[in-house]
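Enquirer: First the structure, which I've put down as structure tokens, then a few questions once you've had a look.
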């Protein structure tokens with residue numbers, strides 16, 4: 001299983017809304033992520049920079065950021081676009097991070 005990490009950017013003052021929306025993640029989105037091999041997915045928030053740090057394990061070939069052709073994912077992106085920094089297609093601005101150290 002491969003680990004993937006990336007950072008995204010939350011708009012200032014919207015951390016409670018971000019947390020609220022993720023606490024009620026759509027069942028169909030959760031199933032899609034699971035079905036495509038995304039496991040052990042966590043998102044952390046850096047209060048000083050408003051940066052979101054995500055890490056996930058993937059069993060398949062694609063991370064959560066690579067399944068954007070799916071209508072469920074596109075709908076989620078549209079839903080989240082008002083509280084995150086996004087690209088023109090409403091996908092979150094997502095910057096992959098390179099792993100430099102890991103310890104089990």
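Enquirer: Of the conditions (1) in contact with a helix residue (DSSP H, G or I) (Cβ under 9 Å, 6 or more places away or on another chain); (2) assigned to a loop (DSSP other than H, G, I, E, B); (3) exposed (fewer than 14 other Cβ atoms within 10 Å of the Cβ), residue 90 satisfies every one except a single condition; which number is it?
Expert: Evaluating residue 90 over (1) in contact with a helix residue (DSSP H, G or I) (Cβ under 9 Å, 6 or more places away or on another chain); (2) assigned to a loop (DSSP other than H, G, I, E, B); (3) exposed (fewer than 14 other Cβ atoms within 10 Å of the Cβ) leaves (3) as the failure.
Enquirer: Do we find that residue 66 is under 15 Å from residue 8 (Cβ atoms), without any contact (Cβ under 8 Å) to a residue 12 or more places away in the chain and under 13 Å from the mean Cα position of the chain (by Cα) in this structure?
Expert: Yes; evaluated as a whole, the condition is true for this residue.
Enquirer: Still on this structure, please answer the following. Within region 58-71, can one find any residue that is surrounded by 15 or more Cβ atoms within 10 Å (Cβ to Cβ), over 23 Å from residue 3 (Cα atoms) and touching a strand residue (DSSP E or B) at 6+ places or on another chain (Cβ under 9 Å)?
Expert: No; the residues of region 58-71 include none that is surrounded by 15 or more Cβ atoms within 10 Å (Cβ to Cβ), over 23 Å from residue 3 (Cα atoms) and touching a strand residue (DSSP E or B) at 6+ places or on another chain (Cβ under 9 Å).
Enquirer: Could you please tell me which pairs satisfy a Cβ distance under 7 Å, a separation of 6+ or placement on different chains, a first residue in region 11-23 that is touching a residue at least 24 places away in the same chain (Cβ under 8 Å), and a second residue that is surrounded by 15 or more Cβ atoms within 10 Å (Cβ to Cβ) and part of a helix (DSSP H, G or I)?
Expert: 21/80
Enquirer: Take region 34-55 and flag every residue that is in contact (Cβ under 8 Å) with a residue 12 or more places away in the chain, out of contact with any helix residue (DSSP H, G or I) (no Cβ under 6 Å at 6 or more places or on another chain) and under 17 Å from residue 72 (Cβ atoms).
Expert: Scanning region 34-55 gives 36, 37, 41.
Enquirer: Being touching a residue at least 12 places away in the same chain (Cβ under 8 Å) and part of a loop (DSSP other than H, G, I, E, B) is the filter here; which residues of region 69-81 pass it?
Expert: Within region 69-81, 70 is the sole residue that qualifies.
Throughout, read-outs are computed from the coordinates displayed, never taken from laboratory work. Bear in mind that the values here come from a model prediction, so they are computed numbers and not experimental data. FYI the Cβ positions are ideal-geometry reconstructions off the backbone, even for glycines, and counts take in every protein chain you see.
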